[in-house]
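Computed from the coordinates by the stated procedures, all read-outs in this text should not be read as laboratory data. Because the structure is a prediction, the values reported are computed rather than measured. Note that we place each Cβ from the backbone using ideal geometry, even for glycine, and neighbour counts take in every protein chain shown.
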Amino acid sequence: MNYVIGGWTQSLQDLAPPTFSYVMYGMVTNLEGLTTGTPSSPGWSPASNPTPPANGQVMWTYGGAGCTPPGMPSTSSYIDAILDATNMNGWAGVDFDDECNMNVDGLIQTMGALQPMQTSYTFLAGWNYNNPGSSPEGQATNEAVMQIAVTGVANRMVLMCYGDAMWSMPDIENNVGLAIQRTIENGVPPKQVILALTPHGLNEENLNYFLDQIINYDIGDLFIWDFPALSPSDLNTIEQRLGIFA
């Protein structure tokens, strides 16, 4: 077994439950300025904020939905900025959420330089990923996963299997297990594969389906987007089924 729970939040004030092993703050979507928000309306930066008190290992997330510009980190100065922000302010590591066609070679260089700190590569693992021959996006994601896997620089590969809310059950059934299989076939050890869901649209059926896949494939973790919105009863189901106790 040996499962763990982690999750993301956009507020530095949110405290993860005591059963969480990882909590990730962000999203740092202004990649040139290294802040949350946008270049024209920046928010907080991991470079100027010490890690908030939290349960588990405290990371920050580089990227996320709407991150800009593409092709980052593109130069050594941007890589150095990531390293400095992480090392100077007590962060345990960085989660790289690739939703804007990041520079995979730059990510590999950055993750390697962050070792032995915590690193993860987070990506959308839906139809495009499972059908790489049908879209440039799916092909690029598969190649990125394989490149990062062969280098061994990432502690975890995080599969986002949701949108603004949980997918429909047919989409879940057609993609979640297949995405796990594909990631393992792409060279990622099963215990480094993490499945991610969102509390929005979560119900007993889809939650237990996700947990079934984690147990059946004996992968590593379950991560939760916007974990403050997770209901106590759903958190209890996760803890009980994965055997995780504070």
| message | With a cut-off of 8 Å between alpha carbons and a minimum separation of six or more residues, what is the relative contact order of the chain in percent? | response | 19 percent
| message | Averaging over every viewing direction, what projected area does the convex hull of the Cα atoms of the chain cover, in nm²? | response | 12.0 nm²
| message | With θ taken as phi - 60° and the coefficients 6.51, -1.76 and 1.60, list the Karplus ³J(HN,Hα) couplings across region 45-51 in order, rounded to whole Hz; mark glycine and proline as x. | response | 10, x, 6, 10, 10, x, 4
| remark: Quick note, region 106-246: a/c under 1.5 would make it rounded; otherwise a/b > b/c is prolate and the rest oblate (a ≥ b ≥ c, C-alpha gyration tensor); here it is oblate
| Are there cysteines in the chain with no second cysteine's Cβ under 4.7 Å away, and if so, which? | C161
| task | Using only the Cα atoms, work out Rg/Rh for region 119-159, with Rh taken as the Kirkwood radius, to two decimals. | result | 0.99
| task | Can you figure out the FRET efficiency of S48 with Q109, using R₀ = 22 Å and their beta-carbon distance, to the nearest 0.05? | result | 0.40
| said: For region 4-242, give me the percentage of DSSP beta bridges that are antiparallel, rounded to the nearest 5 percent. | reply: 5 percent
